[in-house]
Amino acid sequence: MLILNKTAGVFSKPSKRKIYEFLRSFNFHPGKQFLHKLVLGIETSCDDTAAAVVDETGNVLGEAIHSQTEVHLKTGGIIPPVAQQLHRENIQRIVQEALFASQVSPSELSAIATTVKPGLALSLGVGLSFSLQLVDQLKKPFIPIHHMEAHALTIRLTNKVEFPFLVLLISGGHCLLALVRGVSDFLLLGKSLDIAPGDMLDKVARRLSLIKHPECSTMSGGKAIEHLAKQGNKLHFDLKPPMQRAKNCDFSFSGLQHILDRIIMQKEKEEGIEKGQILSSAADIAAAVQHTTACHIAKRTHRAILFCKQRGLLCQSNAVLVVSGGVASNLYIRKALEIVTNATQCTLLCPPPKLCTDNGIMIAWNGIERLRAGLGILHDTEGIRYEPKCPLGVDISKEVGEAAIKVPRLKMKI
């Protein structure tokens with residue numbers, strides 16, 4: 001029996017017969033010999049159903065993903081029960097496709113790794129229940145994965161990066177700065193005190209009705225803002241980055257969103273249009289919010305680098321800043337961070353765009369990292385739970401704030 005925390009609720013398991021039929025679709029006879037450890041990664045923390053098979057050398061043998069973006073664009077945001085149902089409808093097919101593409105039989109897997117925290121409770125439940133049935137049938141070790149740990153370690157799949165390094169994770173659901181000292185050894189330097197930057201940009205895009213804009217109708221909110229911002233004047237609206245007086249590495253985006261709501265409402269009155277119509281100043285608003293967001297993220301990251309160097313947590317030269325998560329694909333924000341890393345003699349690294357967003361590859365790779373380190377490998381899954389909310393590492397953000405490091409002003413010429 002699965003024991004779940006109070007915020008999780010109850011989820012239904014796939015029937016044993018369905019899992020048995022699923023496994024029968026594979027050839028269990030010895031064929032291709034694999035010399036390395038193989039991990040199947042399963043990701044369902046939000047609105048993407050994804051799976052991948054990765055070996056211990058970092059070769060991606062097979063992957064598959066089902067995106068729900070088109071559905072959620074129509075509803076104006078992610079509706080958890082809808083996401084849950086779509087995960088249920090697609091998870092078996094996606095795992096099957098990843099395994100078939102890899103030419104790996106389930107019996108040849110070394111372990112199964114699955115996101116169990118943090119994320120949407122209803123979505124996490126689908127991935128966990130399916131994975132536990134597979135683990136039970138195959139008698140394989142199970143590796144529960146922290147979604148943000150997986151994002152942070154993805155860079156070690158694509159680049160030769162040694163510990164320690166600084167990571168900035170920015171997405172639609174998360175925003176944090178952490179020092180990565182080992183596979184499961186994180187020091188949390190700062191996080192968003194309210195909403196994530198991707199969530200804020202999506203809300204501004206919805207308020208601007210950018211889905212009705214002919215150039216943005218198929219884009220997510222964040223992509224629409226980035227696209228439209230290229231045509232706008234970022235200085236047309238006088239927006240100030242949040243938390244300018246707070247000398248820490250925490251973030252805040254909800255205040256900026258409320259300010260923009262008021263600006264949009266005022267411009268609608270001035271232009272004599274109703275809510276839901278496209279403002280003539282939409283591009284200027286997009287440019288202003290993107291620039292302000294970039295400046296806010298850059299300054300907090302700058303302080304994190306200075307703090308880590310001051311405390312001897314990072315090398316004075318050639319330190320690495322890794323930026324990942326969906327918002328990391330925003331090139332304007334990336335350029336702002338390049339200005340910071342150039343000023344602090346650091347190297348900026350970002351995974352390829354498809355590995356910045358949620359995917360099964362990062363989960364499988366995190367499983368490989370944990371398998372090699374001998375960390376968190378479960379042979380008994382009784383009592384395993386998913387956790388919709390879960391911090392990453394040891395929180396030293398108070399210590400960062402007490403250091404009150406003043407950040408030199410940089411010219412954000414982007």
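The values are calculated or read from the model by the stated rules, or taken from the named source; none is laboratory data. Computed from a predicted model, the values in this text were never measured in an experiment. Please note: Cβ atoms are built from the backbone with ideal geometry, for glycine as well, and neighbour counts cover all protein chains shown. In case anyone asks, the SASA skips ligands and DNA or RNA and just uses the protein heavy atoms, side chains included. Shrake-Rupley method; radii C 1.70, N 1.55, O 1.52, S 1.80 Å.
Step by step: first the residues of the stretch 334-370, then only those that are of a type in the set (Val, Ile, Thr) and at pLDDT 95 or above, then the one that is surrounded by the fewest Cβ atoms within 10 Å (Cβ to Cβ). Which residue is that?
Thr347
Return the only residue of Gly374, Gly393 being of a type in the set (Gly, Ala, Ser) and closer than 17 Å to His147 by Cβ.
The unique qualifying residue is Gly393.
Which of the residues that make up the stretch 197-253 are in contact with a Ser or Thr (Cβ under 6 Å, 6 or more places away or on another chain), open to solvent by less than 10 Å² (accessible area, probe 1.4 Å) and not in a helix (DSSP H, G or I)?
Within the stretch 197-253, Phe251 is the sole residue that qualifies.
Does Leu375 count as in a loop (DSSP other than H, G, I, E, B), at pLDDT 95 or above and surrounded by fewer than 14 Cβ atoms within 10 Å (Cβ to Cβ)?
Yes.
So how many residues does the stretch 17-46 have that are at pLDDT 90 or above and buried (at least 20 other Cβ atoms within 10 Å of the Cβ)?
The number of residues fulfilling the criteria is 9.
Can you go through Ser110, Ser105 and tell me which one is within 28 Å of Gly374 (Cα to Cα) and in contact with a strand residue (DSSP E or B) (Cβ under 8 Å, 6 or more places away or on another chain)?
Ser110
Inside the stretch 162-196, can you point out the residues that are open to solvent by 10 Å² or more (accessible area, probe 1.4 Å), among the β-branched types (Val, Ile, Thr) and within 30 Å of Thr57 (Cβ to Cβ)?
Passing the criteria: only Val183.
Residue-by-condition table, conditions (1) closer than 21 Å to Val135 by Cα; (2) acidic (Asp, Glu); (3) touching a residue at least 40 places away in the same chain (Cβ under 8 Å):
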residue	(1), (2), (3)
Ser67	no, no, no
Val71	no, no, no
Ile78	no, no, yes
Ala83	no, no, yes
Asn90	yes, no, yes
Gln103	yes, no, yes
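Return the only residue of Glu387, Glu402 being open to solvent by 30 Å² or more (accessible area, probe 1.4 Å), modelled with pLDDT of 95 or more and over 23 Å from the mean Cα position of the chain (by Cα). Give the derivation first.
Working: Glu387 fails: over 23 Å from the mean Cα position of the chain (by Cα).
After ruling out the rest, the residue left standing is Glu402.
Determine if the stretch 321-333 includes at least one residue that is at negative phi, among the aromatic types (Phe, Trp, Tyr) and open to solvent by 30 Å² or more (accessible area, probe 1.4 Å).
Checked against the condition, which is being at negative phi, among the aromatic types (Phe, Trp, Tyr) and open to solvent by 30 Å² or more (accessible area, probe 1.4 Å), the stretch 321-333 yields at least one hit.
The rows are residues; the columns are (1) in the same structural domain as Gly326 (by the TED database); (2) modelled with pLDDT of 95 or more; (3) of a type in the set (Ser, Thr, Tyr); (4) within 29 Å of Lys212 (Cα to Cα).
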| position | (1), (2), (3), (4) |
| --- | --- |
| Thr49 | no, yes, yes, yes |
| Val53 | no, yes, no, no |
| Asn59 | no, yes, no, no |
| Ala64 | no, yes, no, no |
| Gln68 | no, no, no, yes |
| Lys74 | no, no, no, yes |
| Val82 | no, no, no, yes |
